[in-house]
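A.B. asks: Okay, here's the structure, questions in a sec.
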Ligand SMILES: [Fe+2]
């Protein structure tokens with residue numbers, strides 16, 4: 001009965017959709033009248049326990065339509081930004097389908113009004129007395145039967161697709177509460193960006209593959225631990241590309257770029273496979289973080305690591321300033 005999106009890469013995940021529904025300020029209620037015309041009206045609402053509820057007067061267009069047909073549609077829109085340079089927009093939205101009914105019990109009506117006060121006027125008390133609640137306010141609850149969420153890809157201020165934000169979001173979701181791995185990836189990203197900028201790398205392909213490789217390079221680590229009982233580089237290389245590829249596919253990146261990033265992820269512990277500047281930047285950035293995380297303090301050993309592994313002037317400079 002309820003349709004599936006024909007653009008799966010734009011489907012907003014359940015958690016983000018429910019968050020949007022809970023915290024949006026205004027929703028648009030769609031009803032159908034006896035005359036066949038739809039009526040879409042913006043209103044304030046609360047979301048709780050798989051229900052959306054709102055209050056209204058005892059008579060009016062909404063009530064007439066609900067008497068005729070209790071099936072409704074309810075839409076909320078989150079962050080929305082027009083991107084003129086791409087003739088598109090970045091956005092999030094959620095659509096609810098459900099059946100509406102009136103809340104009749106006085107205590108239940110007061111509860112909904114209190115939830116509305118908590119959402120829209122926290123710290124203030126519901127001004128309606130029991131008589132007004134009982135007789136002057138209609139409370140409508142929508143029992144939700146279907147929810148879907150949609151998003152447009154985030155763009156940066158230059159109108160470019162903000163691949164980095166998408167990758168960071170997905171990386172954090174995959175690592176969950178493993179903050180050590182999340183922080184590691186973000187530190188590697190930070191060094192990669194510093195090297196890219198200081199080395200004046202302007203090639204967008206190299207910048208994109210470096211940045212996304214930095215965010216996603218260790219993405220196979222949990223799968224390696226679960227499947228192979230080891231987080232060694234070899235197993236990370238085996239598992240990483242299969243997890244990174246769907247993330248990159250959803251970004252609608254060119255296939256060559258996806259293949260390149262998966263190649264780097266799938267070989268990022270194998271020096272002999274290092275075959276380009278994007279790979280080299282990840283190699284140096286990962287080492288810059290690992291020297292600290294592995295508590296390597298012997299200066300001679302660090303000098304040897306730098307001599308054997310670092311090529312960019314910026315990478316060498318950061319390593320020397322940080323560790324020598
Ligand atoms: Fe790493």
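Each reported figure results from applying straightforward, stated rules to the coordinates on display, with no laboratory input. Treat the numbers as computed from the prediction; the structure is a model and nothing was measured. FYI the Cβ positions are ideal-geometry reconstructions off the backbone, even for glycines, and counts take in every protein chain you see.
A.B. asks: Summing -39500 (n - 2.57) over the DSSP H runs of n ≥ 4 in the chain and dividing by its residue number, what mean residue ellipticity at 222 nm do you reach, to the nearest 500 deg cm²/dmol?
C.D. replies: Calculated at 222 nm, the ellipticity per residue is -15500 deg cm²/dmol.
A.B. asks: Here is a further query. Along Cα→Cβ, 7 Å out, is where each label goes; now give me the distance between the ones at residue 225 and residue 303 in nm to one decimal.
C.D. replies: 3.7 nm
A.B. asks: Relative to a virtual label point 7 Å from the Cα of residue 26 in the Cα→beta-carbon direction, which members of region 57-82 show backbone nitrogen distances below 17 Å?
C.D. replies: 74-82
A.B. asks: While we're on this one: Between residue 145 and residue 272, what is 0.36 nm times their sequence separation minus the Cα-Cα distance? Round to one decimal in nm.
C.D. replies: Extending this stretch completely gives an extra 40.2 nm.
A.B. asks: For region 8-151, what is the relative contact order in percent, using Cα pairs closer than 8 Å and at least 6 residues apart in sequence?
C.D. replies: The normalised contact order for region 8-151 reaches 32 percent.
A.B. asks: Output the relative contact order of the chain, whole-number percent, from Cα pairs under 8 angstrom with separation of 6+ residues.
C.D. replies: Relative contact order comes out at 14 percent.
A.B. asks: Now for a different question. In nm, to one decimal, how far is the modelled label at residue 118 from the one at residue 37, with both set 7 Å along Cα→Cβ?
C.D. replies: Roughly 3.8 nm, to one decimal.
A.B. asks: Sticking with this one: Could you tell me the calculated FRET efficiency between residue 88 and residue 186, based on Cβ-Cβ distance and R0 = 25 angstrom, to the nearest 0.05?
C.D. replies: 0.35
A.B. asks: Using the alpha carbons of region 163-323, what is the convex hull volume per residue in cubic angstrom, as a whole number?
C.D. replies: 107 Å³
A.B. asks: Where does each of 172, 7 land when they are ranked from fewest to most other beta-carbon atoms within 10 angstrom?
C.D. replies: Taking fewest neighbouring Cβ atoms as first place, the list is 7, 172.
A.B. asks: Could you tell me the largest-minus-smallest coordinate of the C-alpha atoms of the chain on each of the three principal axes, in descending order and whole angstroms?
C.D. replies: In descending order, the Cα extents are 83, 39, 39 Å.
A.B. asks: Using only Cα atoms, locate the centre of region 250-308 and the centre of region 177-198, then give the distance between them in Å, rounded to an integer.
C.D. replies: Between the Cα centre of region 250-308 and that of region 177-198, the gap is 12 Å.
A.B. asks: Pick out which of 87, 210, 190 has the largest mean-square fluctuation in a Gaussian network model of the chain, springs linking Cα atoms closer than 10 Å.
C.D. replies: Checking each option, the largest mean-square fluctuation is seen for 87.
A.B. asks: In addition: As an exercise, use a Förster radius of 25 Å and the Cβ-Cβ distance of residue 80 and residue 15 to find the FRET efficiency, rounded to the nearest 0.05.
C.D. replies: In this case the efficiency is close to 0.80.
A.B. asks: How high is the relative contact order of region 163-323, given as a whole-number percent (alpha carbon pairs under 8 Å, six or more residues apart)?
C.D. replies: 25 percent
A.B. asks: If R₀ is 45 angstrom, what is the calculated FRET efficiency for the pair residue 134 and residue 178, using the beta carbon separation as r and rounding to 0.05?
C.D. replies: Efficiency, rounded to the nearest 0.05: 0.30.
A.B. asks: Still on this model: May I ask for the distance between the Cα centers of region 82-133 and region 26-76, given as a whole number of Å?
C.D. replies: Cα centroid of region 82-133 versus Cα centroid of region 26-76: 12 Å apart.
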